[in-house]
1. For the stretch 140-167, how many residues are open to solvent by 30 Å² or more (accessible area, probe 1.4 Å) and in contact (Cβ under 8 Å) with a residue 12 or more places away in the chain?
2. I need a count of the residues in the stretch 206-228 that are of a type in the set (D, E, K, R) and open to solvent by 30 Å² or more (accessible area, probe 1.4 Å).
3. When residues of the stretch 280-305 are filtered for being open to solvent by less than 50 Å² (accessible area, probe 1.4 Å), within 22 Å of the chain's Cα centre (by Cα) and over 19 Å from residue 161 (Cα atoms), how many remain?
4. Based on this model, can you work out whether residue 187 counts as out of contact with any His (no Cβ under 6 Å at 6 or more places or on another chain), in a helix (DSSP H, G or I) and modelled with pLDDT of 90 or more?
5. Which condition number does residue 203 fail, the rest of (1) crowded, with 17+ Cβ neighbours inside 10 Å; (2) in contact with a Phe, Trp or Tyr (Cβ under 9 Å, 6 or more places away or on another chain); (3) more than 17 Å from residue 261 (Cβ to Cβ) being met?
6. When only residues in the stretch 49-104 that are hydroxyl-bearing (Ser, Thr, Tyr) and in a loop (DSSP other than H, G, I, E, B) count, which is farthest from the chain's Cα centre (by Cα)?
7. Which ones in the stretch 274-318 are free of Cβ contacts under 8 Å to residues at least 12 places away in the same chain and part of a helix (DSSP H, G or I)?
8. Step by step: first the residues of the stretch 215-255, then only those that are in a loop (DSSP other than H, G, I, E, B) and without any contact (Cβ under 8 Å) to a residue 40 or more places away in the chain, then the one that is farthest from residue 205 (Cα to Cα). Which residue is that?
Amino acid sequence: MCFLHPDMPVMRLINSPFAPQAPITPVGPRALWPPLDFTLGALACCGACVFTNPLEVVKTRLQLQGELQARGSYQRHYRGVLQALWVVGSTDGLRGLQKGLTAALLYQGLMNGVRLGFYSYTEATGLTDAPGGSLISGAAAGALGAFIASPAYLVKTHLQAQTVAAIAVGHQHNHQDVSSAFMSIYRREGVMGLWRGVNGAVPRVMVGSAAQLATFSSAKDWVTRAQWFGPHSCLTALIAAMISGVAVTITMTPFDVISTRLYNQPVDEFKRGRLYCGFVDCLMKVCATEGILGLYKGMTPVFVRLAPHTVLSMLIWDVLRQRALLYRH
């Protein structure tokens with residue numbers, strides 16, 4: 001997913017749709033200045049987040065709906081992506097569709113800045129050229145980013161789950177805003193409370209990041225070699241991003257459901273989760289009460305959100321890095 005200067009074909013993700021297709025002599029890996037690479041990755045994903053956050057709100061509500069209840073034994077407020085968007089918009093207003101946007105932007109900036117910047121570094125050093133290197137590097141980059149940005153995702157989940165009682169699902173934390181949410185969690189649970197649920201977030205992003213980075217780079221190479229589009233076409237990155245979005249949705253949705261449940265659960269006086277003890281406990285309880293399909297709740301909005309988010313973020317990052325490297329050289 002890293003796209004460097006067109007005169008560096010030795011790096012798999014550098015085969016940009018903007019690069020000339022004629023053979024060029026490899027000159028060895030080059031990378032952007034790490035802080036700049038971090039900034040470009042953060043900007044790209046934050047730009048995509050602004051457009052896809054309403055789908056994230058809907059996804060969160062669908063994943064919390066019927067928590068630990070057998071299918072058919074609870075009232076379904078949300079029945080699909082379009083209906084859920086209408087219910088949220090008509091009940092909470094247009095601002096309700098952008099609930100948790102500030103926390104979401106903070107999360108996207110931190111997580112993806114670290115994730116994409118780290119992956120870019122591993123690619124520039126040639127680590128991704130080894131067998132399985134792209135997959136391992138993607139997973140490691142995702143784990144690092146998820147751990148650092150976990151407090152932002154915790155607050156984002158709390159805020160996006162909050163709504164009026166008539167359409168509420170899951171536990172309602174009733175925070176006033178982002179800053180009060182951070183302070184409330186800190187006062188109640190201490191610093192460690194800000195990282196509550198990270199044991200669900202790390203495997204979630206590891207799986208999603210590995211799938212996204214590995215499939216995007218491979219798909220982009222495949223489309224480039226097939227020469228379906230001209231040497232300067234943006235469609236190469238666009239098609240690769242769509243393929244990547246499908247792969248991420250299929251592999252990440254169960255981890256996404258577990259992560260959302262762990263983040264949103266209430267805690268007792270001993271600062272322990274009232275519903276789940278951890279990742280495995282959550283997995284077992286969801287399967288036992290909601291069935292295997294419970295792990296795929298919200299899969300449609302996951303894809304509807306991930307596909308455009310992947311396309312937008314990867315395309316923006318591609319363009320930004322190309323321009324930065326052209327300016328540098």
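1. Matching residues across the stretch 140-167 total 6.
2. Residues flagged as of a type in the set (D, E, K, R) and open to solvent by 30 Å² or more (accessible area, probe 1.4 Å) within the stretch 206-228 amount to 1.
3. Here the count works out to 0.
4. Against the criterion (out of contact with any His (no Cβ under 6 Å at 6 or more places or on another chain), in a helix (DSSP H, G or I) and modelled with pLDDT of 90 or more), residue 187 qualifies.
5. That leaves (3) as the condition not met.
6. Checked the stretch 49-104; the qualifying residue farthest from the chain's Cα centre (by Cα) is 73.
7. Answer for the stretch 274-318, where residues must be free of Cβ contacts under 8 Å to residues at least 12 places away in the same chain and part of a helix (DSSP H, G or I): 280, 281, 284, 287, 288, 292.
8. Only one residue tops the list, namely 230.
The values are calculated or read from the model by the stated rules, or taken from the named source; none is laboratory data. Please read these numbers as outputs of a predicted model, since none were measured by experiment. Reconstructed Cβ throughout: ideal geometry from the backbone, glycine too, with neighbour counts over all protein chains shown. We work out accessible area using only protein heavy atoms, side chains counted, and drop any ligands, DNA or RNA first. Shrake-Rupley method; radii C 1.70, N 1.55, O 1.52, S 1.80 Å.
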